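Each remark here refers to the structure printed beneath this line.
The values are calculated or read from the model by the stated rules, or taken from the named source; none is laboratory data. Small disclaimer: the values here were computed from a predicted structure and weren't measured. For neighbour counting, all protein chains shown are included, and Cβ atoms are generated from backbone atoms with ideal geometry for every residue, glycine included. Areas reflect the complete protein model, heavy atoms only, side chains present, ligands, DNA and RNA absent. Shrake-Rupley method; radii C 1.70, N 1.55, O 1.52, S 1.80 Å.
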Amino acid sequence: MSKTPITHDDGRCRCGWCGVDPLYVNYHDTEWGVPEWDDRALFEKLILDGFQAGLSWITILRKRDNFRKAFDGFEPQKIVRYTPKKLDALMQNEGIIRNKAKIHGTVANARGWLEIMETEKGGFSGYLWNYVDGKPLKNGWSSLKQVPAETAVSQALSKDLRKRGFTFVGPTIVYAFMQAVGMVNDHLVECYRHKQVARAKRPG
């Protein structure tokens, strides 16, 4: 993984972490860093970032469709009703990451999501975005070596999520999540997506 931007065959300069794998490059170009406001989509991304712990993100990307099918489209209302039989079936599913703590943690996180949806103004999206005052934090890094693994904001959010019963939401995982869903723009300044993402507007 390159620490500095790289120029691809199409002439575009991109963050070095995506390499040249077409799946990874497409994810970098179309999803990573784009502000996400949908409650369910944010839940899905948080869960997948938790499953990534100890692994590479490309591993999760390659299994994402399997995850979506296995976890009923990441609908928290369905996940909270998972029975021991369903959880056992997930542990036998070779298409996902078969980690018992992470699978059971998904149910706990679904409960936490539902509670936030009921109690927080703006639902899960509003709850998360309040940590950055409702708009993406804009950084200007030139190398991955400058990008922090966690921040005071990710530490605070991580602490509160854990207080609410969420699992696999340490400050490093939370910061990776914040980067992915556009709460912070960490595309390197030479990357062609840096300016594009910075211009993204909230729908409606």
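Computed values, structure above
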read-out: Flag if residue 30 is within 16 Å of residue 188 (Cα to Cα), open to solvent by 30 Å² or more (accessible area, probe 1.4 Å) and out of contact with any strand residue (DSSP E or B) (no Cβ under 6 Å at 6 or more places or on another chain); value: yes
read-out: Subset tally (residues that are open to solvent by less than 40 Å² (accessible area, probe 1.4 Å) and touching a residue at least 60 places away in the same chain (Cβ under 8 Å)) for segment 93-106; value: 2
read-out: Test result for residue 138, closer than 29 Å to residue 194 by Cβ and more than 16 Å from the chain's Cα centre (by Cα); value: yes
read-out: Considering residues of segment 107-124 that are of a type outside the set (D, E, K, R) and open to solvent by 30 Å² or more (accessible area, probe 1.4 Å) only, the residue farthest from residue 4 (Cα to Cα); value: 119
read-out: Every residue from segment 162-186 that is β-branched (Val, Ile, Thr), outside any helix (DSSP H, G or I) and either over 21 Å from residue 48 (Cβ atoms) or touching a Leu at 6+ places or on another chain (Cβ under 8 Å) (or both); value: 169, 181, 184
read-out: Test: residue 189 is closer than 21 Å to residue 26 by Cα, out of contact with any strand residue (DSSP E or B) (no Cβ under 6 Å at 6 or more places or on another chain) and part of a loop (DSSP other than H, G, I, E, B); value: yes
read-out: Hits in segment 130-161 (condition: open to solvent by 60 Å² or more (accessible area, probe 1.4 Å), of a type in the set (D, E, K, R) and under 14 Å from residue 177 (Cβ atoms)); value: 150
read-out: Residues being part of a helix (DSSP H, G or I) and within 13 Å of the chain's Cα centre (by Cα) - total across segment 26-57; value: 17
read-out: Only one of 127, 82 that is modelled with pLDDT of 95 or more, open to solvent by less than 50 Å² (accessible area, probe 1.4 Å) and in contact with an Asp or Glu (Cβ under 6 Å, 6 or more places away or on another chain); value: 127
read-out: Output for segment 53-76, where each listed residue is under 22 Å from residue 38 (Cβ atoms), open to solvent by 80 Å² or more (accessible area, probe 1.4 Å) and in contact (Cβ under 8 Å) with a residue 12 or more places away in the chain; value: 68, 69
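Rundown of residues vs (1) among the polar types (S, T, N, Q); (2) touching a helix residue (DSSP H, G or I) at 6+ places or on another chain (Cβ under 6 Å); (3) touching a residue at least 24 places away in the same chain (Cβ under 8 Å), yes/no style:
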| position | (1), (2), (3) |
| --- | --- |
| 131 | no, yes, yes |
| 146 | yes, no, no |
| 158 | yes, yes, no |
| 164 | no, yes, yes |
| 169 | no, yes, yes |
| 173 | no, yes, yes |
| 189 | no, no, yes |
